[in-house]
Structures are given as structure tokens and as C-alpha cells.
Amino acid sequence: MVNVTVLGAGAWGTTFGQVLADAGNNVTMWAIEPEIVEGIRDHHRNAVRLPSVERLPENMTATGDRAEAVRNAEIVVVAIAAQAARKALADFRDLIPSNAIVVSLMKGLERGTNKRMDEVVREALDLPENRFVAVSGPNLSKEIAAREPSATVVGSTNPYASAKVANACSTNYFHPFTSNDVIGLEMCGSLKNVVALAVGMARGAGYGENTAAMIETRGLAELTALGQAAGADPKTFSGLAGVGDLIATCGSPLSRNYTFGSNLGKGLSVEEATRVSNGVAEGVPTTDAVVSLGDQLHVPTPLACAMSHVLHEGISCEQMLGELFGTEITAE
Ligand SMILES: NC(=O)C1=CN([C@@H]2O[C@H](COP(=O)(O)OP(=O)(O)OC[C@H]3O[C@@H](n4cnc5c(N)ncnc54)[C@H](OP(=O)(O)O)[C@@H]3O)[C@@H](O)[C@H]2O)C=CC1
Ligand SMILES: O=C(CO)COP(=O)(O)O
């Protein structure tokens, strides 16, 4: 049993907090909104971000006070929207205990810098590599909040840190595997969201399994090429965090990215799809970062480029798919 603090009481932060509490830990959620803090602390409920759960565990509380939130934390979990993480974490830089492990649940690349969340978290907190852990896998929050069986990957270059976090989040319905490939986990989690936008768009436009399978497979090839160029272990892409998360995210209306894409495919504008999104669709800002990282690493990113034309120029689903085909016939 350890003291764990989760920064960000969104859908996944709150769900992962419940997993940690079910595993027997003392869990403190930190959130900005007083309504969310009071809901969790006084009524064991997050009606704003996780209304499907009637009552969160008794060993789960919340505070809006940053210092109080992390004072006794042995593990600090970051579950903040990726584009807001650097700024939000700056306020915790001098507060997190010097021996605490910091875990990122986030799936996105930072727009403007093209940095992964392991880089952003470590820079923002001035955190050494051996205290950083990434968690990534096919983890649709609503299913895990209902305690449906699922697995994830807990990655760190420090095996002691990954083992400690894996032990802390292991329950009879949530099974963690460990890995030392932090870069692979980060790249898989971030890039599959861009693929899910495209699959969702094709589904929303009315296309079926073949089109979805084509986008997912070409997306996996793009994800693998860029991930390897960034330093990832190719094995990670065929695991839970790679293919596993692609299957879950690209196949479920519970995914915000899939749903965002689906709404675009049905004819909504980016602004309209943003307005009706039930939480952050990380693939939207991450698309630009993937295109830019591809340029930087000299890796073609046709799917991310096509999605960026959808997001910025409003091209249709047919045009997006046309860009994926390209003009030449090439070897697969
Ligand atoms: N939902 C899921 O199934 C999964 C999500 N993830 C990843 O986890 C991360 C969080 O997702 P999730 O919890 O579902 O997202 P939500 O959209 O439900 O919540 C986003 C969280 O980020 C916080 N946030 C946004 N801006 C700021 C800011 N400026 N300062 C502080 N906090 C801020 C929000 O706080 P506030 O409530 O105050 O707006 C909220 O707690 C994402 O990167 C996502 O890709 C990973 C696996 C599964
Ligand atoms: O990462 C997820 C599932 O593994 C959640 O996907 P969304 O962020 O698209 O909801």
C-alpha cells in the first residue's frame, strides 16, 4: 500500500485513481475545479468527468491545494490534457517529494516542440529519467471504470520504478505488464489517436470494415516508422500499447478521438466537433506535431499529413483517403 496522488481528475485520471484505490492504495486526486474536488472528497463521485461511476472507493479523496496534494506522495500520476501539461506541472516543480516516482498517463505530443510527454514531464519537473514511468495500453476509461478486464503496459528505464507502479495498479480486473521502452509507449499512445481520427472520419462518412482496416494498417506502418526513428523498440508496436490500443481506440465510440473523427465524417466542422467532444481529443493537436516530427526525422507521415489537411483546410473524407493512396503504386 502506497500513497498515490493523481494530478487531473478527468475521465482517465479518475478511473486510474479508482484502479489504484481498488489495489489498496491511499489515493488523493488533485483538480482545479472546486465542484470536482468537493464531489470526490465529500460524495465519492465525479459527476462532471466520470458520471458512469455512482460511488468512488472510500480510500480515494481529493484536494485543490497543490502542496497538500503531493506532500506525502510516493507516486505522482499525471493525467492532464497533454497540451496543458507543461504549464500545469510547473506549479508542482518544487512541491513533489524528491524521491517520488512520476507517472504519465497522457497520450499526446506537444504542439510547437514535437516533444513526447516523457520529455515534457521530465523538463517541467526537472525529473531524472530513473523516476519517470509511462503507462499506455488499450484503456478506454469507461470500461475500466466499470471494472471490465483489461491490461496495460507500465514502462520505465528503471525496472524498480516500473515494478513499483505495476504493483500499485494491479487488481483482479486490471493487469499491468512491464516494459523498458518508454519512447515506444509514448509514440504508440500519441500516434494511435491520429489514426483513430481518420478511422472515425471514414466510419462517420459511412465506410465499412475494409476502409477502417486499411487506415489502421497503414497507420500502424506510419506509427512504427516514426517511432523507430525516434528510438522506440519495434516490438512495442505489436504489443498492447501498439496494435492493442489501435484496435480499442479505432473500434469504439467510447474513444473521443474516434468520435471526433466520426463527427467530421458526418459533416461537422472542427469547431462543431470540438464543441460536442466529451473530453480532450488529443489527436487533434498531436496531428500537427506528428507532421512536424516526421519532417524533422525525415519519415513520411501521409496519414498525419492528410488529417492535418482535414483539420486545417477542411478537405473531405474522400480527399483524405485519396491522399493516403498517393499517386504512385509502391511496394507495401
Ligand atoms: N479517457 C481515456 O480513456 C484515456 C485517456 N488517456 C489520456 O489521459 C489524458 C487525460 O485524459 P482524460 O482524463 O480522459 O481527459 P479529460 O478530457 O476527461 O480530462 C482532461 C484533464 O486535464 C485537465 N486539464 C486540462 N487543462 C488543464 C490545465 N490547464 N491545468 C490543469 N489541468 C488541466 C482537466 O482538468 P479540468 O477538469 O479542470 O478541465 C482534466 O482533469 C489524455 O492525454 C488522454 O489521451 C489515456 C488512456 C485512456
Ligand atoms: O487512449 C484511449 C484508449 O486506450 C482513450 O482514447 P480517447 O482519448 O480517444 O478517448
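The values are calculated or read from the model by the stated rules, or taken from the named source; none is laboratory data. Keep in mind it's a predicted model, so treat the numbers as computed, not measured. Positions of Cβ are generated from backbone atoms using ideal geometry, with glycine treated the same way; all protein chains shown enter the neighbour counts.
Among the conditions (1) surrounded by fewer than 16 Cβ atoms within 10 Å (Cβ to Cβ); (2) in contact (Cβ under 8 Å) with a residue 24 or more places away in the chain; (3) under 18 Å from the mean Cα position of the chain (by Cα), the only one that Thr274 does not satisfy is (2). From the list Arg147, Arg203, Arg218, the one residue that fits, being in contact (Cβ under 8 Å) with a residue 60 or more places away in the chain, surrounded by fewer than 18 Cβ atoms within 10 Å (Cβ to Cβ), of a type in the set (D, E, K, R) and farther than 30 Å from Gly24 by Cα, is Arg218. Taken over the range 257-280, the residue count meeting the criterion of being more than 13 Å from ligand 2 (Cβ to nearest atom) and not polar (S, T, N, Q) is 10. Going through the range 54-104 one residue at a time, which ones are surrounded by fewer than 19 Cβ atoms within 10 Å (Cβ to Cβ) and within 16 Å of ligand 2 (Cβ to nearest atom)? Within the range 54-104, Ala81, Ala84 meet the criteria. Only one of these is of a type outside the set (A, V, I, L, M, F, W, C) and within 12 Å of ligand 1 (Cβ to nearest atom): Glu74, Glu110. Name it. Every option except Glu110 fails the conditions. Considering the range 4-36, the residues that are in a strand (DSSP E or B) and among the hydroxyl-bearing types (Ser, Thr, Tyr) include one that is nearest to Ala79 (Cα to Cα), namely Thr5. Of all residues in the range 1-46, those being more than 21 Å from the chain's Cα centre (by Cα) and either more than 7 Å from ligand 1 (Cβ to nearest atom) or of a type in the set (Ser, Thr, Tyr) (or both) number 19. Restricting attention to the range 129-149 and to residues that are in a helix (DSSP H, G or I) and within 14 Å of ligand 2 (Cβ to nearest atom), the residue that is farthest from Val78 (Cα to Cα) turns out to be Glu143. Set side by side, the residues Ala273, Ala248, Ala306, Ala289 differ, and just one is in the same structural domain as Asn210 (by TED's automatic domain parsing), within 12 Å of ligand 1 (Cβ to nearest atom) and outside any loop (DSSP other than H, G, I, E, B), which is Ala248.
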